[in-house]
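Student: What follows is a single structure, and I will ask about it in a moment.
The values are calculated or read from the model by the stated rules, or taken from the named source; none is laboratory data. Computed from a prediction, not measured in an experiment: that's the story for all the values here. Neighbour counts are summed over all protein chains in view; Cβ atoms, including those assigned to glycine, are modelled from backbone coordinates with ideal geometry.
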Amino acid sequence: MSQDIHSEKILILDFGSQYTQLIARRVREAHVYCELHPYDMALDEIKAFAPKGIILSGGPKSVYDEGAPAIAEELFELGVPVLGICYGMQLMSCHFGGEVVPAGKREYGHAELQAQGTPGPLFDGFFVEGKSPVWMSHGDHVEKVPGNFEVVAGTANAPVCAIQNVARNLYGVQFHPEVNHTPRGELLIDRFVRQICDCSGQWTPGQIIEDAVIRIREQVGTDKVILGLSGGVDSSVAATLIHRAIGDQLICVFVDNGLLRLGEGDQVMDTFAENMGVNVIRVDAEQRFLDGLAGVSDPEKKRKIIGGLFVDIFEEEAAKLSDAKWLAQGTIYPDVIESAGAKTGKAHNIKSHHNVGGLPDYMKLSLLEPLRELFKDEVRAVGEEMGLPHAMVWRHPFPGPGLGVRILGEVKKEYADILRRADAIYIEELYRTGHYDKISQAFAVFLPVKSVGVMGDGRTYEYVIALRAVETKDFMTAGWYPLPYAELAHISGRIINEVKGVNRVTYDISSKPPATIEWE
Ligand code: XMP
């Protein structure tokens, strides 16, 4: 019998720290469901949410600033355990009569926490020989400890770095347990949600799947569902999950735009149609995309054309499936958080990345988004649990406009064919040498310029391929990956020998910023 995996949940109130999403990921890693909400969530909503625990995040403001973010005072009277992190701890301290002041010395980076007295239930195991390395990032600290709270630990700079009122289950830490630089931080968050908040840890891939299957069945009943399959992780996992729930009621539309990687169209069909028996309509639209892109070299225009054609073609296919009532999408939790941010004006886009802007209203399809609550790592875990191939689940991200933004300037079939073959050699070598999984994203870029070379006894005049590989956590900033010279030499040799039309290979050593990851 399936249990309700949403019955135990943690509420994270966001005061604007750059680390807030990490808190949520650590809670999920402790196998407990949680949601992120703005700090000013109304008390009634908080009560309706019925959290088993509340975490107050850090934030950039000072509690003593005018108009500093505050919370409903009654929050502390709900009888629910609260953990305040950084700003959250300062807010809690002020609420209970403590005092927060600007630190004499700001503290950013590693610090050593020194325990005082007995650690108590939350900090059990957090100190080894009375010490624990932590990550700090603050300009204020608690000067006067609130009544009924005791100090658990401090650093040389900030004597009050962890406080608790065990009887009322209120805890505060000045450091950031959610970041990897706090080695035992994961343990602390795990203890908070499982020991202090008494959650049993039902949020596992197996349970997530079981729950999603039940919910999809309840939602769609006997209706038909259409889904745009791209071969990427999110749409693949969504398709697999929905197929598990409703089988043939799911119809996937896979638009082959001619801008995919080598063999990708066949791989998608093999995995879904052949092996899993999913209903997939493959639309071979290469020529339409090439025609649409002819003569266009502006990157944003190319994106709009590719996105627009995708919608047109998808609509044409959907019109043939007039009995479909639902449109499934692989929206994931960070997209949900990001679009909430966009509404409040927090988000800022440099490229029009998410080119699939949904379908026109007149199609009257309801949205089915089975991955809406999941972080990317959870989507992958669910995909693996359902038996999707490892390489598909762990594949580097691939932009919606595909090779369209990796062929600089005008897109031509000749260029796409050259690029596909060069890219396939590059990726094959990265797998073979074990670098692929250490890299966040790697790909080849086609440069439509010709340079002189010599092959055998002849002079050549051919195209240039650039190779890119980056390491990044969030794709907002990225460093170039230090691929060893010997491997670069081998890859370059293979591409020039095996791909006709290329006589020069370069390696991109730009970081983001100021360069972006894609070349367009
Ligand atoms: P940039 O180039 O902005 O890329 O540093 C950051 C991440 O976004 C991906 N990207 C795209 N994804 N449509 C997408 O779906 C796009 O138009 C697009 N442009 C860039 C890029 O591959 C990287 O992962």
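Student: Does Ser440 qualify as being in contact with a Phe, Trp or Tyr (Cβ under 8 Å, 6 or more places away or on another chain) and more than 16 Å from the ligand (Cβ to nearest atom)?
Tutor: Considered against the rule, which asks whether it is in contact with a Phe, Trp or Tyr (Cβ under 8 Å, 6 or more places away or on another chain) and more than 16 Å from the ligand (Cβ to nearest atom), Ser440 comes out as no.
Student: Continuing with this model, one more query. Given the criterion within 21 Å of the chain's Cα centre (by Cα) and modelled with pLDDT of 95 or more, identify the matching residue among Thr204, Thr222. Steps first, answer last, please.
Tutor: Values: Thr222 fails: within 21 Å of the chain's Cα centre (by Cα).
Only one candidate passes the filter, namely Thr204.
Student: Tell me, which residue of segment 394-419 that is crowded, with 19+ Cβ neighbours inside 10 Å and assigned to a helix (DSSP H, G or I) is farthest from the ligand (Cβ to nearest atom)?
Tutor: By that ranking, first place goes to Ile418.
Quick grid of which residues meet (1) away from the ligand (no atom under 16 Å from the Cβ); (2) not in a helix (DSSP H, G or I):
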| site | (1), (2) |
| --- | --- |
| Arg421 | yes, no |
| Glu428 | yes, no |
| Gly434 | yes, yes |
| Ala444 | no, yes |
| Pro448 | yes, yes |
| Arg459 | yes, yes |
| Ala486 | yes, no |
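Student: Please work out which residue is farthest from the ligand (Cβ to nearest atom), limiting yourself to segment 379-390 and to residues that are in a helix (DSSP H, G or I) and touching a residue at least 12 places away in the same chain (Cβ under 8 Å).
Tutor: Among residues in segment 379-390 that are in a helix (DSSP H, G or I) and touching a residue at least 12 places away in the same chain (Cβ under 8 Å), the one farthest from the ligand (Cβ to nearest atom) is Glu385.
Student: Moving to a separate point now. Which fully enclosed strands (runs of 3 or more DSSP E) of segment 147-229 have 3 or more residues being in contact (Cβ under 8 Å) with a residue 24 or more places away in the chain and assigned by TED's automatic domain parsing to the domain that holds Thr331?
Tutor: In segment 147-229, the matching strands (runs of 3 or more DSSP E) lie at 224-228.
Student: Would you list the helices (runs of 4 or more DSSP H) that sit entirely within segment 1-114 and hold 1 or more residues that are in contact with a Gly (Cβ under 9 Å, 6 or more places away or on another chain)?
Tutor: On the way: elements: 20-29, 43-49, 87-95.
In segment 1-114, 20-29, 87-95 are the helices (runs of 4 or more DSSP H) which contain 1 or more residues that are in contact with a Gly (Cβ under 9 Å, 6 or more places away or on another chain).
Student: Look at Ala466 and say whether it is touching a Ser or Thr at 6+ places or on another chain (Cβ under 7 Å), away from the ligand (no atom under 11 Å from the Cβ) and among the small types (Gly, Ala, Ser).
Tutor: The answer is yes for Ala466.
Student: Hey, could you check segment 490-520 for residues that are hydrophobic (A, V, I, L, M, F, W, C) and within 12 Å of the ligand (Cβ to nearest atom) and say which is farthest from Phe475 (Cα to Cα)?
Tutor: The residue in question is Trp519.
Student: Report, by residue number, each residue of segment 39-58 that is out of contact with any strand residue (DSSP E or B) (no Cβ under 8 Å at 6 or more places or on another chain) and buried (at least 19 other Cβ atoms within 10 Å of the Cβ).
Tutor: Of everything in segment 39-58, nothing turns out to be out of contact with any strand residue (DSSP E or B) (no Cβ under 8 Å at 6 or more places or on another chain) and buried (at least 19 other Cβ atoms within 10 Å of the Cβ).
Student: Identify all residues within segment 283-299 that are closer than 15 Å to Val311 by Cα and not in a helix (DSSP H, G or I); write none if there are none.
Tutor: Val283, Asp284, Ala285, listed by residue number.
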